[in-house]
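Structure first, commentary second.
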Amino acid sequence: MKKALRFVALLLVFALFASGAAFAQQKIRIAMVVKGLGNGFFEACRDGGQEAAKELGNVELIYQGPATPTAEGQIEIIDSLIAQHVDAIAISANDRDALVPITKKAMKAGIKVISFDSGISKDGRMVDLVPSKEDLIGRQQVQLIAELIGKKGEIAILSATSQATNQNAWIGWMKEELKKPEYSQMKLVSVAYGDDLSAKSYREALGLFESYPNLRGIIAPTTVGVAAAGKAIEDKGLKGKVELTGLGLPSEMKYYTEKDICRKFALWNPIDLGYSATYICYALVKGQVKGAEGDVVKAGRMGNISVGKDGNAVMGVPFVFTKDNVAKFAKMF
Ligand code: RAM
């Protein structure tokens, strides 16, 4: 009898120890929800997120996104992430407002929610991480096309989806910049939406050529759109007649840059963006920060990221790519 009791006690001690160990090893699950799958920009964000997860240890990064970039698709995904009780969600939003009810539900369930790249309005997230200041990005796009066309002629914007928070903010600043007297001979004739889908962006570019035979330049502030516009210019033999700039991935734009179809474009490092977003999620889950103004997140090799007013955080300054440097960066993203 004594022996049996001792055995049961031993078993109990063992069970306690095992469950404690399991608890200690429980992974922090961070979900990265992107605008849409099949976009190289977000795949680079995912790579950065995985790098951060590895560094932090004990973190699992779950990468998800709808097949086409819609808010509805993202809502479904978040609903299922709530059911799975993930610890944090970092989302690049297809709509600023439509996602608020579902992300609020997630936060009520104890999930830390941030937006990155393309934001959710402030009630729907704790932090919004943008790659760079929105005015800088928007104004720079106009400056680049102005340089390429000698500040003269008709220009059009080929954007992503019509509801995208990030592109809409940048377009707002492009329009501001265009008000300056130095651009008085440039005219914005159209804003088209390729929905961050290659085929649709390509068709929209062709539509612009048709509707505006005097078109001199296109700004495509989307990695999907700018690559599709490059192809459209090449296919229609419009190199030199229609200039192109935008926000592009060096790996996708190298060909067009070296062929002088898109001589200058800009972007930030999407790997760094995904990396930083993951660090912010981790700090929120660990209770190191709350997303309040003045909070500072220690983001590994990215250094300190400060949270400003309304939970806004900025990563850095956009970088310009040309023939001289595009090949080097094309190897990275
Ligand atoms: C596309 C997406 C993304 C944007 C980049 C520049 O990949 O629209 O949100 O930040 O372009």
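The values are calculated or read from the model by the stated rules, or taken from the named source; none is laboratory data. These numbers were taken from a predicted model, which means no experiment stands behind them. FYI the Cβ positions are ideal-geometry reconstructions off the backbone, even for glycines, and counts take in every protein chain you see. Surface accessibility is based on the protein's heavy atoms, side chains included, excluding ligands, DNA and RNA. Shrake-Rupley method; radii C 1.70, N 1.55, O 1.52, S 1.80 Å.
Structural remarks
- Normalising by residue count, segment 28-67 has a Cα convex hull of 45 Å³ per residue.
- Percent RCO, i.e. relative contact order, over segment 28-185, from Cα pairs under 8 Å lying at least 6 residues apart: 19 percent
- Out-of-range pairs (alpha-carbon distance over 32 Å; input Lys152/Lys259; Lys179/Lys331; Lys187/Lys231; Lys35/Lys323): Lys179/Lys331
- Label separation (Ser190 vs Lys231): 1.9 nm, computed from points 7 Å beyond Cα along the C-beta direction.
- In order along segment 123-135, the Karplus-derived 3J(HN,Hα) couplings, from 6.51 cos²θ - 1.76 cosθ + 1.60 at θ = phi - 60°, round to 5, x, 7, 8, 9, 10, 9, 9, x, 7, 5, 4, 5 Hz, and Gly and Pro are given as x.
- Taking every alpha-carbon pair within the chain, the share separated by more than 34 Å comes to 30 percent.
- The phi torsions of segment 47-64, fed into the Karplus equation with coefficients 6.51, -1.76 and 1.60 and a -60° offset, translate into couplings of 4, x, x, 5, 4, 5, 4, 5, 5, 6, x, 6, 10, 10, 9, 9, 9, 9 Hz, rounded to whole numbers, with Gly and Pro shown as x.
- Rounded tilt (10° steps) of 71-83 against the dominant C-alpha axis of the chain: 10 degrees
- Long-range tail of P(r) for segment 48-158 (Cα pairs > 21 Å, %): 48 percent
- Bridge type composition, the chain - antiparallel percent by DSSP, nearest 5: 15 percent
- Three-way shape label, segment 134-267, alpha-carbon gyration tensor, a/c 1.5: rounded
- If the Kirkwood radius is taken over C-alpha pairs of segment 97-154, then at 37 °C and 0.692 mPa s the Stokes-Einstein diffusion coefficient equals 240 µm²/s.
- Expressed as a whole percent, the accessible surface of the chain that belongs to carbon and sulfur atoms is 54, based on a 1.4 Å probe.
- Relative contact order, percent, the chain [alpha-carbon distance under 8 Å, six or more residues apart]: 18 percent
- One way to sum up the overall shape of segment 203-333 is the equivalent ellipsoid from its Cα gyration tensor, whose semi-axes run 37, 16, 11 Å, largest first.
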